[in-house]
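What follows is a single structure, written as structure tokens, with notes after it.
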Amino acid sequence: MANDGPFLFYSALHGRPVLDPDGNLVGRFDDLAVTLTETFPAATALLIRRGRVESFRLTARWRDVESVDLAAVRLRVPVERLVPGRRLPSEPSFWVGQALLDRQIVDTSGAKVVRVNDLHFLRVPTGDLHLVHVDVGFRGLVRRLGWSTTMGKERLISWRYVQPLTLAATGESLQLTVARKELGRLHPAELADILSELDGRERESLFRALAPEAAARALTEVEPKVRQRLIAGLPAERAADIVERMPPDEAADLLAALPQPQSELLLEKMERAEAAEVQQLLRYEPDTAGGMMTTEFVTLPSHLTAAEALERLRGLAREVELIYYIYLVDPAARLQGVVTIRHLLLFDPAARLEEIMRRDPVSVRPDDTPERVAEITEKYNLLAVPVLDAQGKLLGVVTVDDVLTHMTTRAWKWKLAHAP
Amino acid sequence: MEVEARPRPLSARAGGRRQSVLRFLAVMGPGIITANVDNDAGGITTYSLAGARYGYGLVWTLLPITVALVVVQEMCARMGAVTGKGLADLIRENFGVRLTFYTMVLLLLADLGNTVAEFAGVAASLEIFGVSRYLSVPLAAAFVWWLVVYGSYRRVEKVFLLACVFYLAYVASGVLAQPGWASVLHESMAPRTRVDAAYVTMLVGLVGTTIAPWMQFYQQAAIVEKGVRVEDYPYSRLDVVSGCIFTDVVAFFIIVACAATLHAGGVAIETAGDAAQALRPLAGAYCAGLFAFGLFNASLFSASVLPLATAYSVCEALGWEAGVSKRMREAPHFYALYTGLIALGAAIILVPGIPLIPVMYLSQVANGVLLPVVLVFMLLLINRRDLMGQHTNGTAMNAAAWVTVIVTSGLSLYLAVTVFFGAG
């Protein structure tokens, strides 16, 4: 065995002669299949090229490979024992050259889309070959061009931070549990940036790789056009799974922008409670307080004490977006007053909410303009403003981030029309 | 909240025709813009020269050129809509790093030459007004650079497009010059082809300036950027095909206007001022000003699109971050390429005593060598079922495409060889 260290580059192996046990040339190294499941996937098969024709290729299972080094690949078995053609082994695998080389991947450690120049393998003493890094640096590019092995900067990304984007080439799906976990750790805004940057199929493939919660969070961040397309590309069941995890106001905006038959189908497939909330929101015009509000907010009975209220909040905190305000309503759902978390913390834990609440809080009507909502949130320094109907019934709240999104979108539109 | 209007749940669906128009408007753009950038400084010059030297003798070529242009650009647009990927991207993923790299080197060289031509257009047009090129070219380069990096390119693009109305001046002028339409028709239908080297070179020049490699990269990228889906592709195709036809209608009128005025008057084009005389039937004494305006707009428009599209394609192919929405620190290669192309393109014009003709010819050679390569890549890609699904070429389309590839490649290579060996 040559003394070329434990690490090997794919580019250095590609095209190397493959020899049978008697040292006769069988063909040349063409591609490598690795498992889907391990953190650093092990090789499961070797593809051997003989001439240019695809059907003349042979596949060797990894247990039939004796050794791999820069001089040659040696087989344990004669040619007759190899499998004709490009055949993936029975365990879940994919061809690295086909699925990764020269293609784009998501680097989940840097939250970026990059192109793979080379693949880096670790050869362990047992003879197994593990994919450990992808090379995205300039040095990898230069090495592939065959100019130099030392020029340029080296940039290797650990396989655990790699999310591949090609599904088409490898059949059904390339779902890597490790990468999927890392993908879930990205900030939704970063994920949204990546999704916007990718082209059609790769975008869909990445989106499909996301868990429903992560998908829902990313979806709230991407621009409306991309958002519609991502949802439209999914089977209705899965799309409904994702939409019901979105904040109801965002879900309503998304559904409203979809063609009617599709949005109706999604509403049908969604959990009944979520669907009802969304449907209620869909009644309002988008450019009104009603269209901007969410129906997720905290209401508590006014006879609770501050301590009891805090305890209830603990249970609600996971589900509700904004928990700073606690709205107190009478049995007819009319808004009586509002208590903030600050109040709960400052007042005597035994004090009743009705004693500490602020009566008749500032509110807006569902048909108020976004400007009016912005004006009020700004004037009273609110994080959210309640929306009441004519009878004083609490319909929802508009949170300050939705006001901000609305105003910045308008500012952008103005800028687009007048400057860029 | 959201930018998009929320359709009223109960409102009646928009009528079929209105919807078609809206869908067309939504995907329109890439074809029209490519077409207008195609009529750049090099295009105007070549068409003017063709008309002035050979009268109507080259008009017949425009029909086959249009067919070839449509065939090529339609394939790009289709690939963009179906795969959602740029041409550079597809080449890299399917033909490996080596071929991609050398293709990109050629693209850089060819487009550097094209950029030089755009700045030559800027210099020539403003010299009509007596502005020194040492003032106009650096200012134009700085303006273009600033516009794309910091400015409001999207908005200015509309101004550029609007200013392309200028081409109508050639249509008016061509009509007002009262060319013998009978003889135009006769020469177009039954051309007296000649085989002398100068004529063939001019013919190759016409093909080369109309079907250039950057257009395939640019247009496919623009279609992808626009997010055209397969369902909308028929509308996109309309955009592309009408763009191609527009390009060649303009070319036709430039040639006719020049033939009816310059060729008929026995004027040889030596300077931009001479070429402007073709607009005299319309603009009279103001023809020079009108021509200068049109040439300046075309040059500046193309000078903003070309370097950008080139830098974008190269980065896409080699896996570097690209896009003007990225900061310079995030996409250093992209900004280096973009800035380099503009700075070098402008600087070459300003080198005192630099022979512009050899520089332009060198870029023509790079274009000429590159075009067949790109076309062959395209044909191989578009017939791949795994990429294109049911949208691969049909038999007739493949036949038309291969004929186009062979003829344009033959002509381009002929030009490259004659330039390279200095033969005429």
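A few points about this structure:
- Counted residues, the range B:191-231 - those being among the aliphatic types (A, V, I, L, M) and not in a helix (DSSP H, G or I): 4
- Residue match in the range B:313-336 (condition: touching a helix residue (DSSP H, G or I) at 6+ places or on another chain (Cβ under 7 Å), crowded, with 20+ Cβ neighbours inside 10 Å and more than 14 Å from chain A (Cβ to nearest Cβ)): no
- Set A:ALA239, A:ALA276, A:ALA216, A:ALA232: member being more than 14 Å from chain B (Cβ to nearest Cβ) and closer than 26 Å to B:LYS85 by Cβ: A:ALA239
- Subset of the range A:242-273 that is within 12 Å of chain B (Cβ to nearest Cβ) and under 18 Å from the mean Cα position of the chain (by Cα) - its residue that is surrounded by the most Cβ atoms within 10 Å (Cβ to Cβ): A:ALA251
- Selection within the range B:156-167 - more than 14 Å from chain A (Cβ to nearest Cβ) and surrounded by 13 or more Cβ atoms within 10 Å (Cβ to Cβ): B:PHE160, B:LEU161, B:ALA163, B:CYS164, B:PHE166, B:TYR167
- For the range A:281-303, the criterion of a residue being among the small types (Gly, Ala, Ser), part of a helix (DSSP H, G or I), facing chain B (nearest Cβ under 10 Å) and without any contact (Cβ under 8 Å) to a residue 60 or more places away in the chain is satisfied by at least one position.
- Within the range B:304-323, at least one residue is touching a Gly at 6+ places or on another chain (Cβ under 6 Å) and under 29 Å from A:VAL113 (Cβ atoms).
- The range B:100-135, residues that are over 30 Å from B:ALA275 (Cα atoms) and without any contact (Cβ under 8 Å) to a residue 60 or more places away in the chain: B:TYR102, B:VAL105
- The range A:199-213, subset surrounded by fewer than 21 Cβ atoms within 10 Å (Cβ to Cβ) and either more than 13 Å from every other protein chain (Cβ to nearest Cβ) or of a type outside the set (D, E, K, R) (or both), residue nearest to B:LYS226 (Cα to Cα): A:GLY200
- Only one of A:LEU25, A:LEU119, A:LEU100, A:LEU58 that is on the phi < 0 side of the Ramachandran plot, touching a Pro at 6+ places or on another chain (Cβ under 9 Å) and within 14 Å of chain B (Cβ to nearest Cβ): A:LEU100
- Within the range A:343-361, the set of residues being touching a Phe, Trp or Tyr at 6+ places or on another chain (Cβ under 9 Å) and either modelled with pLDDT of 90 or more or over 14 Å from A:TYR325 (Cα atoms) (or both) comprises just one member, A:GLU355.
A quick yes/no check of all residues on (1) among the aromatic types (Phe, Trp, Tyr); (2) touching a residue at least 24 places away in the same chain (Cβ under 8 Å); (3) surrounded by fewer than 20 Cβ atoms within 10 Å (Cβ to Cβ):
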position	(1), (2), (3)
A:THR44	no, yes, no
A:ARG50	no, yes, yes
A:ARG63	no, no, yes
A:ARG74	no, yes, yes
A:PRO84	no, yes, yes
A:SER90	no, no, yes
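- Count of the range A:134-161 residues, restricted to those that are crowded, with 18+ Cβ neighbours inside 10 Å, away from chain B (no Cβ under 13 Å) and either assigned to a loop (DSSP other than H, G, I, E, B) or at pLDDT 85 or above (or both), is 1.
- Answer residue from the range B:141-155, given it is in a helix (DSSP H, G or I) and out of contact with any Ser or Thr (no Cβ under 8 Å at 6 or more places or on another chain) and is farthest from the other protein chains (Cβ to nearest Cβ) among those: B:ALA141
- Of the listed requirements (1) more than 14 Å from chain A (Cβ to nearest Cβ); (2) touching a Leu at 6+ places or on another chain (Cβ under 9 Å); (3) not small (Gly, Ala, Ser), B:ARG237 misses just one: (2).
- When the residues of the range B:389-408 are filtered to those that are under 28 Å from B:LEU206 (Cα atoms), of a type in the set (Gly, Ala, Ser) and touching a residue at least 60 places away in the same chain (Cβ under 8 Å), the one that is surrounded by the fewest Cβ atoms within 10 Å (Cβ to Cβ) is B:ALA400.
- Exactly one residue out of B:ALA336, B:ALA278, B:ALA285 is among the hydrophobic types (A, V, I, L, M, F, W, C), part of a helix (DSSP H, G or I), at pLDDT below 75 and more than 23 Å from the chain's Cα centre (by Cα): that is B:ALA285.
Rundown of residues vs (1) of a type in the set (Gly, Ala, Ser); (2) farther than 19 Å from A:LEU8 by Cβ, yes/no style:
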| residue | (1), (2) |
| --- | --- |
| A:LEU36 | no, yes |
| A:PHE40 | no, no |
| A:ALA43 | yes, no |
| A:LEU46 | no, no |
| A:ARG49 | no, no |
| A:LEU70 | no, no |
| A:VAL73 | no, no |
| A:VAL77 | no, yes |
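- Residue selected from the range A:69-94 under the condition at pLDDT below 90 and part of a strand (DSSP E or B), by the criterion nearest to the other protein chains (Cβ to nearest Cβ): A:PHE94
- Qualifying residue in the range B:82-94 (condition: over 24 Å from B:GLY29 (Cβ atoms) and either more than 14 Å from every other protein chain (Cβ to nearest Cβ) or of a type in the set (Gly, Ala, Ser) (or both)): no
- In the set (1) surrounded by fewer than 19 Cβ atoms within 10 Å (Cβ to Cβ); (2) part of a helix (DSSP H, G or I); (3) away from chain B (no Cβ under 14 Å), A:ASN381 fails one condition alone, (2).
The values are calculated or read from the model by the stated rules, or taken from the named source; none is laboratory data. Because the structure is a prediction, the values reported are computed rather than measured. Virtual Cβ from ideal backbone geometry, glycine too; neighbours counted across all protein chains shown.
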